Amino acid sequence: MANSITPLVAGNWKMNGMIASSDEARAMAAGLADLADPKCDVLICPPATLIGFLARVLGESAISLGAQDCHPQPGGAHTGDIAAEMLADVGATTVIVGHSERRQDHGETDALVASKAQAAWRAGLKAIICVGESEAERDAGDALTVVRSQLEGSVPPEATASDTIIAYEPIWAIGTGRTPTPADVAEVHDAVRETLKELLRPEGEGMRILYGGSVKPGNAAELMSASNVNGALVGGASLKAEDFLGIIRAYS
Ligand code: PGA
């Protein structure tokens, strides 16, 4: 079953991107269209300010659009927040929830992340639920325990393989240029797969598990070859068409 999972290459633009960034998005769509037989799905998660605009720029291209966060509620008195329904309304198909930067910067708990995933489904969006250990947790030998506990708390039991994607992102690899070895990635991804099967039964078998953290054109193929890796969540290297296309090609 795991072998039949279509990989996903997802770009997380974080707090980067202006109207002028549509040039890069256009170049990504054109480069993707040039690939004879892309073997992966492709998603860009720009800042929320650009989703509606890029939806028009990308039109019928093969690139889908996602968001980087949503509020659990569908609307109301939550100044500065954005509901999943609003993201769907402007063209998002997917939303990242529980990224480590939001867990750290905004104190997001597993329970809040789970409620955001449920909000995504309520709005008809897929949720990319992020997990990953800190450097201190890895050094202490706790990586698998931490990731398991995050999955238990952040992935609601009704999650399905079609509405949920897991992203394993070791915090120490994000934006640092350091990556775990393929063997280390495989160890965690195998454990994530086993936990998902335990928690979600058959749905856990076909759920995509992305690796994220310093994925670049030069290491994407090697990281992709690790067991139970079904794609990548890419930060810095998703901002430039040339880099992002290099990663997509490694998956094709
Ligand atoms: P990075 O970010 O590729 O810049 O390391 C990954 C992420 O945080 O999603």
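The values are calculated or read from the model by the stated rules, or taken from the named source; none is laboratory data. Everything numeric in this text was worked out from a predicted model, so none of it was measured. Here the Cβ positions follow ideal geometry from the backbone for every residue, glycine too, while neighbour counts run over all protein chains shown. Heads up: the accessible areas ignore ligands, DNA and RNA and are worked out on the full protein's heavy atoms, side chains in. Shrake-Rupley method; radii C 1.70, N 1.55, O 1.52, S 1.80 Å.
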- Among the candidates Ala237, Ala250, which residue alone is open to solvent by less than 60 Å² (accessible area, probe 1.4 Å), of a type in the set (A, V, I, L, M, F, W, C) and modelled with pLDDT under 95? Ala250
- Task: Enumerate the pairs (first residue in region 42-68 and in contact (Cβ under 8 Å) with a residue 24 or more places away in the chain; second residue anywhere and open to solvent by 40 Å² or more (accessible area, probe 1.4 Å)) with beta-carbon separation below 6 Å, excluding pairs fewer than 6 apart on the same chain, so at least 6 apart or on different chains.
- Result: Leu43/Ser64; Cys45/Gln68; Ala48/Ile82; Ile51/Val90; Gly52/Val90; Ser64/Thr93; Ala67/Ala48
- Note on the structure: Pairing a residue in region 89-106 that is in the same structural domain as Pro72 (by TED's automatic domain parsing) with any residue that is within 12 Å of the ligand (Cβ to nearest atom) and assigned to a loop (DSSP other than H, G, I, E, B), where Cβ atoms lie under 7 Å and the two sit 6 or more apart in sequence or on different chains, gives Ile96/Gln68; His99/Gln68; Ser100/Gly132; Ser100/Glu169; Ser100/Ile174
- Item | Unique residue being charged (D, E, K, R) and within 22 Å of Leu239 (Cβ to Cβ) when the list is Arg102, Arg148 | Arg102
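Okay, residues lined up against (1) open to solvent by 30 Å² or more (accessible area, probe 1.4 Å); (2) under 24 Å from Lys216 (Cα atoms); (3) among the aliphatic types (A, V, I, L, M); (4) touching a helix residue (DSSP H, G or I) at 6+ places or on another chain (Cβ under 8 Å):
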site	(1), (2), (3), (4)
Arg102	yes, yes, no, no
Trp121	yes, no, no, no
Ala159	no, no, yes, yes
Thr179	yes, yes, no, yes
- Item | Whichever residue in region 27-42 is part of a loop (DSSP other than H, G, I, E, B) and open to solvent by less than 50 Å² (accessible area, probe 1.4 Å) and, among such residues, is farthest from Asn230 (Cα to Cα) | Leu35
- Conditions (1) away from the ligand (no atom under 14 Å from the Cβ); (2) outside any loop (DSSP other than H, G, I, E, B); (3) in the same structural domain as Val113 (by TED's automatic domain parsing); (4) of a type outside the set (Phe, Trp, Tyr); number of the one not met by Ala167: (1)
- Which residues, counting only those in region 194-219, are small (Gly, Ala, Ser), free of Cβ contacts under 8 Å to residues at least 60 places away in the same chain and open to solvent by less than 10 Å² (accessible area, probe 1.4 Å)? Gly204
- Output the helices (runs of 4 or more DSSP H) that fall wholly within region 48-142 and possess 3 or more residues being modelled with pLDDT of 95 or more and within 16 Å of the ligand (Cβ to nearest atom), or say none. 100-105
- Message: For region 177-193, check the following and say yes or no: at least one residue is in contact with a Phe, Trp or Tyr (Cβ under 8 Å, 6 or more places away or on another chain), farther than 21 Å from Asp41 by Cβ, in a loop (DSSP other than H, G, I, E, B) and within 11 Å of the ligand (Cβ to nearest atom).
- Response: yes
- Every residue from region 237-251 that is within 11 Å of the ligand (Cβ to nearest atom) and not in a loop (DSSP other than H, G, I, E, B): Ala237, Ser238, Asp243, Phe244, Ile247
- Task: Taking only region 218-229 into account, find how many residues are within 12 Å of the ligand (Cβ to nearest atom) and farther than 19 Å from Asp190 by Cβ.
- Result: 2
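A quick yes/no check of all residues on (1) at positive phi; (2) charged (D, E, K, R); (3) over 14 Å from the mean Cα position of the chain (by Cα); (4) open to solvent by 10 Å² or more (accessible area, probe 1.4 Å):
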position	(1), (2), (3), (4)
Val9	no, no, no, no
Met15	no, no, yes, yes
Ala25	no, no, yes, no
Thr49	no, no, yes, yes
Leu54	no, no, yes, no
Gln73	no, no, yes, yes
Ala77	no, no, yes, yes
Asp81	no, yes, yes, yes
Met86	no, no, yes, yes
